[in-house]
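Here the structure is laid out as structure tokens; the discussion comes afterwards.
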Amino acid sequence: MNPNAATLRLAAFPRAGLLTDALLVVGGAGLVAAAAQVEIGLGFTPVPITGQTFAVLLVGAALGSVRGFLSLALYLAVGLLGAPVYQEGNQGWDYFAGATGGYLIGFLIAATAAGFLAELRWDRRLSSAIAAMLTGNVIIYAIGLPWLANELGTGLEKTLELGLYPFVIGDVLKLYLAAALLPAAWRLIDPATGRRP
């Protein structure tokens with residue numbers, strides 16, 4: 001193996017083998033897909049309440065930036081290819097390009113950001129883990145809301161009514177829960193040390 005490639009591999013995936021990395025990536029994508037099926041439609045908006053934000057932030061913080069990115073990239077890719085992994089079993093390009101597509105893209109960037117901040121040790125205390133996940137949540141909205149506005153042709157206030165205000169309390173609860181579950185996620189990932197590999 002090329003020494004530079006080996007160094008890059010160790011930096012990206014510390015203490016884990018390729019098979020372990022692949023299983024973690026697939027498991028992370030599976031968790032997000034399962035959380036997407038926990039859904040409450042609100043009727044007045046095309047954006048539902050789902051468990052995805054919780055799963056996206058937990059996957060990113062627990063797996064780190066590279067595996068978090070790969071997990072969400074896998075999730076998005078299999079949905080685009082036709083697997084019914086998006087909320088309510090949706091899939092395909094038409095759904096991805098619809099009103100909630102910006103949130104889906106935001107998930108990818110949010111998981112990567114939460115993972116990056118965790119690698120900077122923001123995941124070691126509950127308060128900083130919450131801050132890392134809040135950062136990820138802000139990223140989701142920063143991409144999802146303009147996309148939603150463009151798709152629906154709404155102004156700022158109406159977009160916030162449809163895509164932000166109804167979700168704030170739930171998202172705060174989800175990110176607190178995800179931060180609190182980080183130690184349990186580490187134990188699943190690396191039972192020997194109980195820390196993120």
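Among the helices of the chain, those built from whole DSSP H runs whose Cα atoms reach 18 Å or more along their own axis and whose mean Kyte-Doolittle hydropathy is at least -1.0 are 18-36, 52-80, 101-117, 126-152, 168-189. Sorted on the mean count of surrounding Cβ atoms within 10 Å across their residues, most packed first, peptides 99-110, 44-55, 62-73 read 62-73, 99-110, 44-55. Measure out, as a whole number of angstrom, how far apart the alpha-carbon centroids of the range 112-137 and the range 164-189 sit. Spelled out, the Cα-based centre of one part sits 11 Å from the other. Each peptide in 36-43, 176-183, 164-171 receives the mean, over its residues, of other Cβ atoms within 10 Å, and ordering these scores from highest gives 176-183, 164-171, 36-43. Arranged from fewest to most other beta-carbon atoms within 10 Å of their beta carbon, 135, 112 become 135, 112.
Taking a Cβ cut-off of under 14 Å around residue 86, the surrounding Lys, Arg, Asp and Glu residues balance to a net charge of -3, with basic ones at +1 and acidic ones at -1. Subtracting the Cα-Cα distance of residue 157 and residue 187 from 0.36 nm times their residue separation leaves 6.5 nm of extension gain.
Each reported figure results from applying straightforward, stated rules to the coordinates on display, with no laboratory input. Only a predicted model underlies this, so the values are computations on that prediction, with no experimental measurement involved. Glycine also receives a Cβ, built like all others from the backbone with ideal geometry; neighbour counts cover every protein chain displayed.
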